[in-house]
Amino acid sequence: MEARFDENEIRAAERTLAAALEAVDPTAWVTMYTEDAIFVGPGSPAVEGREALLKMARAMNPLSSVVMTPIKTCLLYTSD
């Protein structure tokens, strides 16, 4: 069976994430990541796990203009 994804849903999730990154609560975006998430920002070491993400978010300066530009959207699928 071929797996499918809805690119509109992905773009909507990106818009939701961008709004959360610009929220008054600097940690609002962290709940969108899984407990075992790995966040890699440009020029920064990887941040692993939600607790580490919360710590990073609390130390961040407020963001006022977040833009996400998708370069390529692809489906990674494995059948177990």
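The values are calculated or read from the model by the stated rules, or taken from the named source; none is laboratory data. The structure presented is a predicted model; accordingly, all values stated were derived computationally and were not measured. The area values use the complete protein model at the heavy-atom level, side chains included, leaving out ligands, DNA and RNA. Shrake-Rupley method; radii C 1.70, N 1.55, O 1.52, S 1.80 Å.
Accessible area per residue for the chain in Å², computed with a 1.4 Å probe and the full protein assembly in place, what is it? Walk me through the numbers on the way to the answer.
Values: 6520 Å² over 80 residues.
Each residue of the chain exposes 81 Å² on average to a 1.4 Å probe.
So I have [x] 18, 14, 12; [y] 23, 15, 9; [z] 25, 17, 12, and one of them is semi-axes √(5λ) of the Cα gyration tensor in Å calculated from this model. Which one is it?
From the options [x] 18, 14, 12; [y] 23, 15, 9; [z] 25, 17, 12, the structure gives [z].
With a 1.4 Å probe and every protein chain kept in, tell me what percent of the accessible surface of the chain is carbon plus sulfur.
Numbers: 3620 of 6520 Å².
Carbon and sulfur together cover 56 percent of it.
For residue 31, what accessible area in Å² do you get when you roll a 1.4 Å probe over the heavy atoms of the protein chains, rounding to the nearest 10?
Using a 1.4 Å probe on the heavy atoms, I get roughly 110 Å².
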